[in-house]
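What follows is one structure encoded as structure tokens, with my remarks underneath.
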Amino acid sequence: MQAHTTDQNSEQLHFWALGDLHFRALAPWREFQAQRYALMFEDLQALWQAEGAPAFCVSPGDIIETCAQENYDLAKSTLQTYLGQIPFYPGIGNHEYHEPEIDPRSTRRYFTAAWDKPPRYTWQAEGLLFIMLDYPDPLTLADPTKVFISQETQAFLEESLAAHPNLPALIFLHCPLRNTVLDRNPALGRDYNSLQSFFSPENSQEIRNILSRHRNASLFFSGHTHSGWEAPRLVVSERDGDHFVSFVNLMSPWYTGTHKGPHVDKALTSFSYSYDDPDIIPTFSIRTYANYASIRVRDHKSRSWLKTWHVPLFSH
């Protein structure tokens, strides 16, 4: 990477990104999760006290385990307790649609009512454009195991990028695009990953085509896979035509790895938890500069930084 001048090294914006949170009000789940998340939020608060609070926090989907109202209430109250006045930008993932006792046609309305945000929206801060895309409603899919990003969502992305061609754009979608984040050990299947259907859109190339047409498309954030630490291509930059697009997969602080995390019996009375190796509680700090972004992943269990990536950022 080329050396930066003093002006180029002047920080523009600092925000924090949280992977799949999966809040659930079920008593044994809530109690175990509260202990795990206390480590995360207490470390975040200590960091923010020392370094300054971020402009906002963002989480692109699966904030709740199911869209039952009690789970939304728990998520909102917990985030309000720990974030205080720091704005929070939510996204919609596959778990926001899941609740057997709720009419599936109402689930998107539950999301909007809870967060006072539509399923897809934009915002701006410090000369940057942020685009939150919506994961598709399973009712719109011929096969729920094969995800297609809707034409409406694609049009929203294209129109948002075109409307602000001089603003670097940071894009959020619950699932990663095909052939970004990979498995730590494909032979063992240690991670859900972007080569699998359901875990990445079948029409990923259509999204990539939109990104390639707009030079301001700079960063693309996702979650969904619960990828483990040091999964290949966790953060990767790809040159597309005359510009770079960097893909960032936000590991989940709830659990990482396949068949890990919480296990609840059908009667919802027995709870157990399987730990990944290594077991970490990760979130991501993002700082933007004139022509690059610094992405750092923090393990709140050990209260240590794991890695820093510097990736290109569109500069008009």
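Read-outs: derived from the displayed coordinates by stated rules, not from any lab. Computed from a prediction, not measured in an experiment: that's the story for all the values here. Heads up, the Cβs are rebuilt from the backbone with ideal geometry, glycines too, and the neighbour counts pull from every protein chain shown.
In the chain, with Lys and Arg counted as +1 and Asp and Glu as -1 at Cβ, which of these residues, T308, L177, F156, has the Cα nearest the positive end of the dipole, that is, farthest along it?
T308
Using a 10 Å cut-off on Cβ atoms, rank the peptides 190-200, 76-86 from the highest mean neighbour count down.
Highest-to-lowest ranking by the protection proxy: 190-200, 76-86.
With a/c under 1.5 counting as rounded, go ahead and sort the range 1-135 into rounded, prolate or oblate using the C-alpha gyration tensor (a ≥ b ≥ c being the square roots of the eigenvalues; past the cut-off, prolate if a/b is larger than b/c, else oblate).
It comes out oblate by the Cα gyration axes.
Just tell me which aspartates and glutamates come within less than 15 Å, Cα to Cα, of K76; anything on the same chain fewer than 8 places away is out.
D20, D62, E65, E96, D116
Tabulate in residue order the Karplus-calculated ³J(HN,Hα) for the range 22-27, using 6.51 cos²θ - 1.76 cosθ + 1.60 with θ = phi - 60°, rounded to whole Hz; enter x for Gly and Pro.
With coefficients 6.51, -1.76 and 1.60, one gets 6, 5, 8, 7, 3, 3 Hz.
So for the chain, averaging the separation of alpha carbon pairs under 8 Å that are six or more residues apart and normalising by length, what relative contact order in percent results?
19 percent
Considering only W254, A290, T112, whose Cα is most displaced toward the positive end of the charge dipole of the chain, charges sitting on Cβ of Lys, Arg (+1) and Asp, Glu (-1)?
A290
Compute the FRET efficiency between E70 and S272 as 1/(1 + (r/R0)^6), taking r as their Cβ-Cβ distance and R0 = 25 Å, and round to the nearest 0.05.
Step by step, r from the Cβ atoms, then E = 0.70.
Based on the mean of other Cβ atoms within 10 Å per residue, sort peptides 139-151, 222-234, 273-285, 123-135 so the most packed one is first.
So the order, starting with the most tightly packed, is 222-234, 123-135, 273-285, 139-151.
Once you compute Rg and the Kirkwood Rh from C-alpha atoms, what is the Rg to Rh ratio for the range 141-251?
The Rg/Rh ratio comes out at 0.98.
Cross-link partners among lysines for K260, C-alpha distance below 21 Å, same-chain residues fewer than 8 apart left out?
K301
Around S212, under 14 Å between beta carbons, what's the net of Lys plus Arg minus Asp minus Glu among the other residues?
-1
Explain nothing, just the number: dipole magnitude of the chain about its Cα centre with +1 on each Lys and Arg Cβ and -1 on each Asp and Glu Cβ, in debye rounded to the nearest 20.
For the chain, the charge dipole is close to 380 debye.
Given a Förster radius of 45 Å and the C-beta distance between E31 and D242 as r, what FRET efficiency does 1/(1 + (r/R0)^6) yield to the nearest 0.05?
It comes out at approximately 0.30.
Using a 7 Å offset from Cα along Cα-Cβ at A142, what residues in the range 182-211 end up with backbone N under 20 Å from the label point?
Counting backbone N atoms under 20 Å from the label point, the list is 196-207.
Considering only DSSP beta bridges with both partners in the chain, what is the antiparallel share in %, to the nearest 5?
Beta bridges within the chain, antiparallel portion: roughly 65 percent.
Give me the orientation-averaged projected area of the Cα convex hull of the range 13-312, in nm², one decimal.
Mean orientational projected area (the range 13-312, Cα hull): 14.7 nm².
Given a cut-off of 30 Å, name the pairs among K266/K307; K117/K146; K146/K266 whose C-alpha atoms lie farther apart than that in the structure shown.
K266/K307
As I understand it, the dipole of the range 205-316 uses +1 on the Cβ of Lys and Arg and -1 on the Cβ of Asp and Glu, about the Cα centre. Which of L219, I280, S270 lies farthest toward its positive end?
L219
Rounding to the nearest 20 debye, state how big the charge dipole of the range 94-237 is about its Cα centre with +1 on each Lys and Arg Cβ and -1 on each Asp and Glu Cβ.
400 debye
Students often check this: by mean Cβ neighbours within 10 Å, which of 287-297, 47-57 ranks highest, and how do the rest follow?
287-297, 47-57
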